[in-house]
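What follows is a short report on a single structure.
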Amino acid sequence: MKILADQNMPLVEAFFSSLGEIERFDGRSLTPEQAQHADVLLTRSVTQVNEALLARNDKLKFVGTATIGVDHIDEQYLNGRNVPFSSAPGCNSVAVAEYVLSAIFTLAQEQHFSVFDKTVAIVGVGSIGQCLADKLTAIGMKTLLVDPPRQERGDAGQWHDLDTAMAQADIITFHVPLVKEGAHCTYHLLDQQRINALAADKIVINASRGDVIDNQALLARQEQLDDLCLVLDVWENEPDILEDLLPFVELATVHIAGHTLEGKGRGTFMLYETLCQHLGIEPQSTLTDHLPTPSLSELTLASTWSLDELGSLVHLIYDVRRDDAILRAQLHSHGFDVLRKTYPVRRELSTLKLTGDNPNLSALAAFGFSI
């Protein structure tokens, strides 16, 4: 069995080598000729999987994407060919939530505010948005949840209208899928009208899809007023991003919010489990079998430690300023895609075990640390 896998997927050999011959490919330049002999195709978000790519392949048995989003997959076409398809919902939920948290604590340090005085509007409360909401709630921060599809389904929760939430919140963070049409279209969800309606000093974070925000309209607002605080991990027209916007962005990264070692590895493992199920065999290993020991694994907190110091604790594991600096220093010399491909190892908060008799340990456990 020939397994064709994106070159940026980790641990493919560790999980799939016993199932067949593995060949790697560049996700942005995969051709129909390369794809025509694959029995299994494993992709990430940069590869458009559709009839144009797969028309020459008459032996495909399984397609998997190691991502939460599936807007790059023509599921209708795969269904028409009876090709099983699987994504990896929730694989990088923790990673993206922790990216947002690192950004918020970074801005708090640099702008001298307390996160506990801020209200966060979470737009899109799927696996990522819910994970973020749970972490913020665990430490006592106020959230406003915006998710019209969930609200219409009658899901439990206190739901808010998007425009009302954006007006009331200090921080607005987007975690929606890219939907280009229909009642719940998210393409340019933050459009020119909404961008111009934002009050000064709002913090806007996008770690979902670049097309969710009209980048040109955002640039026009910033060129005129430069009064919004922007954190952008995703951009329209990646990898050819709107570089004129960069000077107006406080924290800018190359679509790596979900790229923890755990998050990327979890996506690969989820596809491995699903393929094993389709083949009727038992998985031979788990994710923990293949993850290295973290460089910082245990820390004792004194009884006097308080949640006011949480930002410094988060940044021991991940400080988003590292990734902002990489983009600004190396975008021109390396390019967007190379920076994604060569992204440094990043771990999750759960890799750090906290000990001691501090009264905040239960809250920190709910926040994501190990206890």
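Quick notes on this one:
- Hits in the stretch 163-179 (condition: surrounded by fewer than 18 Cβ atoms within 10 Å (Cβ to Cβ) and closer than 15 Å to residue 124 by Cα): 163, 164, 177, 179
- Taken together, 225, 271 contain a single residue that is assigned by TED's automatic domain parsing to the domain that holds residue 101 and either within 30 Å of residue 367 (Cβ to Cβ) or touching a residue at least 12 places away in the same chain (Cβ under 8 Å) (or both), which is 225.
- Only residues that are touching an Asp or Glu at 6+ places or on another chain (Cβ under 6 Å) and of a type outside the set (Val, Ile, Thr) were counted across the stretch 103-121, and they come to 1.
- Residues satisfying the stated conditions in the stretch 305-345, i.e. in a helix (DSSP H, G or I) and either in contact with a Pro (Cβ under 7 Å, 6 or more places away or on another chain) or among the hydroxyl-bearing types (Ser, Thr, Tyr) (or both): 312, 333, 336, 337
- Test: residue in the stretch 119-130 that is in contact (Cβ under 8 Å) with a residue 60 or more places away in the chain, assigned by TED's automatic domain parsing to the domain that holds residue 178, more than 16 Å from residue 314 (Cα to Cα) and outside any strand (DSSP E or B): yes
- Condition check for residue 285 on (1) part of a loop (DSSP other than H, G, I, E, B); (2) among the hydroxyl-bearing types (Ser, Thr, Tyr); (3) assigned by TED's automatic domain parsing to the domain that holds residue 352: one failure, at (3).
Quick grid of which residues meet (1) under 19 Å from the mean Cα position of the chain (by Cα); (2) outside any helix (DSSP H, G or I):
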position: 177; (1), (2): yes, yes
position: 200; (1), (2): no, yes
position: 205; (1), (2): yes, yes
position: 219; (1), (2): no, no
position: 231; (1), (2): yes, yes
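- Residues in the stretch 134-159 that are of a type in the set (Val, Ile, Thr) and either outside any loop (DSSP other than H, G, I, E, B) or touching a strand residue (DSSP E or B) at 6+ places or on another chain (Cβ under 9 Å) (or both): 137, 143, 146.
- Residue count for the stretch 245-298, restricted to those that are among the charged types (D, E, K, R) and more than 20 Å from the chain's Cα centre (by Cα): 4
- Filter result for residue 24 (closer than 22 Å to residue 270 by Cα, crowded, with 18+ Cβ neighbours inside 10 Å and among the basic types (Lys, Arg)): no
- For residue 120, the requirement of being buried (at least 23 other Cβ atoms within 10 Å of the Cβ), over 14 Å from the mean Cα position of the chain (by Cα) and closer than 20 Å to residue 250 by Cα is met.
The values are calculated or read from the model by the stated rules, or taken from the named source; none is laboratory data. What you are looking at is a predicted structure, and each value in this text was computed from that prediction instead of being measured. Positions of Cβ are generated from backbone atoms using ideal geometry, with glycine treated the same way; all protein chains shown enter the neighbour counts.
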